[in-house]
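**Student:** Below you will find the structure I want to go over with you.
The values are calculated or read from the model by the stated rules, or taken from the named source; none is laboratory data. Since this is a predicted model, take the numbers as computed values, not measurements. Please note: Cβ atoms are built from the backbone with ideal geometry, for glycine as well, and neighbour counts cover all protein chains shown. The accessibility values were calculated without ligands, DNA or RNA, using every heavy atom of the protein model including side chains. Shrake-Rupley method; radii C 1.70, N 1.55, O 1.52, S 1.80 Å.
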Amino acid sequence: MLSADALLAQQRADFKIAWKAATHGDMPKLAPYLDSLKGYALYPYLRYAYIESTLDREPDDLVEAFIDENRALPFAATLRQEWVMSLARRQDWSGVLANDRYDVSLAQRCAVVSAHVLGGTSNAGWTASAQRLWLTPGVPQPVCQPLFDYLDAHSLISSDMRRKRVQGALMSRDFVTAAAYTPGLNADDRLWAETWLAMAADPAKVLQDIQVPDEPRYQDMLQSGVRLLARSEPDTARHLWTELSKRYHFSHDDARDMRTLLAMQQAWHLTPDALTQLKDVHDAVDPDVPQWRARLALRAGNWKEALKDIEALGRASRETEWRYWRARCMEELGRTSDARVIFKQLARTPDYYGFLSADRLKLDYRIVEQQSRPSDRIIDKLEAEPGFIRARELVYAGLYPQADAEWTAATRGLATKSRCQAALLAQRWGWYGKVIPTMAGGGCWQDLALIYPTAFQETLAPQAKRLALDLSWIYGLIRQESVFRPNAVSQVGAMGLMQLMPKTGKAVSAKIGLTLENPRQLLDPETNLTVGSAYMSSLLQRFSGNEVLATAAYNAGEDRVDGWLPDAGSLPADVWIDTIPYTETRNYVHRVMAHTVMFDYRLNGKPERLSERIGKIASDANVPAPASLPAAVAAKTAIKPQLKP
């Protein structure tokens, strides 16, 4: 008879085989495991995976009974939603209506409205609901299309509705949808839409000599074109707007808003006369206007003007960022005592501006460390809970999304003390991606081993040494990118611990002699860290060894960073960072560099000064992109990419 540990190991191995069969709807292969795994914690997941994969042919009473039986498990709500979609596909309208209380998405809304309209229980109210759905951007076509076909066949889509649908798509720059619906417009509306689409394809060319009626819908088109052009060519857009304003009667508000937008686009493009343009627009239109006046004054080294702009920010001037810059301006203007008071206050907090403030005063960083105290009693109790057991087993199976859902449900409502112990439990499992989220409100934020885990060292340390990268910097980037979640996949498709885009991952892998046959290989920690470290090395070489520029390029791209470099000479790095046009990238660099300091402390005890690490940003900091990675990076690795739990 197997011991408990041996039995669990066998069940884990069997589950992986059974899960694959279940997700493929392969009952012959699954059947033996349904018997042997009946006592295993993840047994319900096998049944769920099989039912989900065969949903359209499963008896409805069996599906409903299974959902009700497992309603406390996280997958129940998902399966019910998918079941409603299956009922809609089969046009089982009575079944859809029996579940209309689960109307939580546009797809389900389509299913419910379709059930009423196509199922014969429709009234004027449901017809109106169907028409509103037709006008709604982003509706899921496969589910909604039968409903929309019904509206079209019964002349329930008016010419005004068609125009509004196209106009909404044009205004939101969904030109694919606009082009698809344009042929159904009447002749006058079709000419307007086709003109707009032509303008969107090449706004600079079309707006140059355009002659259209001076009426609201064409004015909307002209403004949309100028806005579109301003994103890439703000000076050209400003010139064309000046010319268009002479020929068309835009409202006072529209003209004011456009002047503000054009001025802000010039600020974001760091054009030479951006500050002059910003001085001529009204602050109330865009709260970013006064802040960008201050940023551009800082970039120009005009400390007096910058201080004036900062002090005019009102409530925003009390935010940490602007307090720091107020002190920097004072320091540059000789008001040293006033600056020191602010720097001393900011230096109490171990964050980006706190570290820089401490550097101005030559103070040690105020990093407080307090190790959490494990409570075996609480941890043992948590680990015995069914939800935590399922979460643990799902982690071992490599099913991280399902594990995340179980963990969220299991930790919901935990007392503060128990949350901290749950974080320690996740750490014991090596599930670093769940440690920090669980700690929120857990009262153990000073445990730096939990907040800044030096995980995956067996892969990262050799990589850092071979590539001559600072291990603290690599950790700082991982902490910001994925919070150590190997399964992290962003909305745009970036994958894994270092959030690599598949295209980038494939290109870098090829350069280091690693074959990436499937993008999902980037979810394997060892593969992701190897490729991501090589990518960081290439960026560091690309930007003359400057970690700040390489960090910004990792987030925003190399070409954008090239465009943000000083025209001549150099800038203090803190000034350059805080005049990065993209708010996301600006904050990203703040956080990565602050995390780097904390990991430097964790690894070496006394971190390098942040101001010394970031240094200055020179106009010639970019060098041509290398045809291949450095020899050290290009050395072939022995790693064979594979998915791991």
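**Student:** Restricting to the stretch 110-119, count the residues that are part of a helix (DSSP H, G or I) and at pLDDT below 90. So that I can check it myself, show each step before the final result.
**Tutor:** Residues of the stretch 110-119 that are part of a helix (DSSP H, G or I), as a first pass: 110-118.
Next cut, at pLDDT below 90 only: none.
Within the stretch 110-119, residues that are part of a helix (DSSP H, G or I) and at pLDDT below 90 number 0.
**Student:** Can you confirm whether residue 525 is over 30 Å from residue 570 (Cα atoms), open to solvent by 30 Å² or more (accessible area, probe 1.4 Å) and not small (Gly, Ala, Ser)? Full working, then the answer.
**Tutor:** Working: over 30 Å from residue 570 (Cα atoms): yes; open to solvent by 30 Å² or more (accessible area, probe 1.4 Å): no; not small (Gly, Ala, Ser): yes.
So residue 525 does not fit the description; no.
**Student:** Name, by its number, the condition in (1) free of Cβ contacts under 8 Å to residues at least 24 places away in the same chain; (2) under 18 Å from residue 406 (Cα atoms) that does not hold for residue 17.
**Tutor:** (2)
**Student:** Something else about it: Residues that are open to solvent by 80 Å² or more (accessible area, probe 1.4 Å): find the helices (runs of 4 or more DSSP H) completely inside the stretch 338-430 holding 2 or more of those.
**Tutor:** Numbers: elements: 352-361, 376-383, 386-396, 400-411, 416-429.
Here the list reads 376-383, 416-429.
**Student:** Select from the stretch 134-176 the residues that are within 28 Å of the chain's Cα centre (by Cα) and charged (D, E, K, R) and write down the one among them that is least open to solvent (accessible area, probe 1.4 Å).
**Tutor:** If we take residues in the stretch 134-176 being within 28 Å of the chain's Cα centre (by Cα) and charged (D, E, K, R), then 174 is least open to solvent (accessible area, probe 1.4 Å).
**Student:** Can I ask one more? Can you name every residue in the stretch 465-492 that is open to solvent by 10 Å² or more (accessible area, probe 1.4 Å) and modelled with pLDDT of 95 or more?
**Tutor:** 465, 466, 467, 468, 469, 470, 471, 479, 480, 481, listed by residue number.
**Student:** Only one residue in 191, 296, 229, 222 is modelled with pLDDT of 95 or more, open to solvent by less than 40 Å² (accessible area, probe 1.4 Å), over 30 Å from the mean Cα position of the chain (by Cα) and not small (Gly, Ala, Ser). Which one? Write out each step before concluding.
**Tutor:** Working: 191 fails: open to solvent by less than 40 Å² (accessible area, probe 1.4 Å); 296 fails: over 30 Å from the mean Cα position of the chain (by Cα); 229 fails: over 30 Å from the mean Cα position of the chain (by Cα).
Exactly one of 191, 296, 229, 222 is modelled with pLDDT of 95 or more, open to solvent by less than 40 Å² (accessible area, probe 1.4 Å), over 30 Å from the mean Cα position of the chain (by Cα) and not small (Gly, Ala, Ser), namely 222.
**Student:** What pairs can you find where one residue is in the stretch 548-573 and open to solvent by 40 Å² or more (accessible area, probe 1.4 Å), the other is aromatic (Phe, Trp, Tyr), and their Cβ atoms are less than 7 Å apart, with a gap of 6+ or different chains?
**Tutor:** Hits for this filter: 555/588.
**Student:** Every residue in the stretch 232-252 that is open to solvent by 80 Å² or more (accessible area, probe 1.4 Å) and more than 21 Å from residue 269 (Cβ to Cβ), please.
**Tutor:** 246, 247, 249, 252 - these are the residues of the stretch 232-252 that are open to solvent by 80 Å² or more (accessible area, probe 1.4 Å) and more than 21 Å from residue 269 (Cβ to Cβ).
**Student:** Which one is most open to solvent (accessible area, probe 1.4 Å), of the residues in the stretch 20-58 that are at pLDDT 95 or above and not in a helix (DSSP H, G or I)?
**Tutor:** Among those residues, the one meeting the criterion is 24.
**Student:** Please identify the pairs in which a residue from the stretch 268-292 that is part of a helix (DSSP H, G or I) and open to solvent by 30 Å² or more (accessible area, probe 1.4 Å) has its Cβ atom under 6 Å from the Cβ atom of a residue that is modelled with pLDDT of 90 or more and among the aliphatic types (A, V, I, L, M), counting only partners at least 6 apart or on another chain.
**Tutor:** Here the result reads 275/296; 277/263; 283/289, each pair linking the stretch 268-292 to a residue that is modelled with pLDDT of 90 or more and among the aliphatic types (A, V, I, L, M).
**Student:** Does any residue of the stretch 315-333 turn out to be at pLDDT below 95 and within 24 Å of residue 480 (Cα to Cα)?
**Tutor:** no
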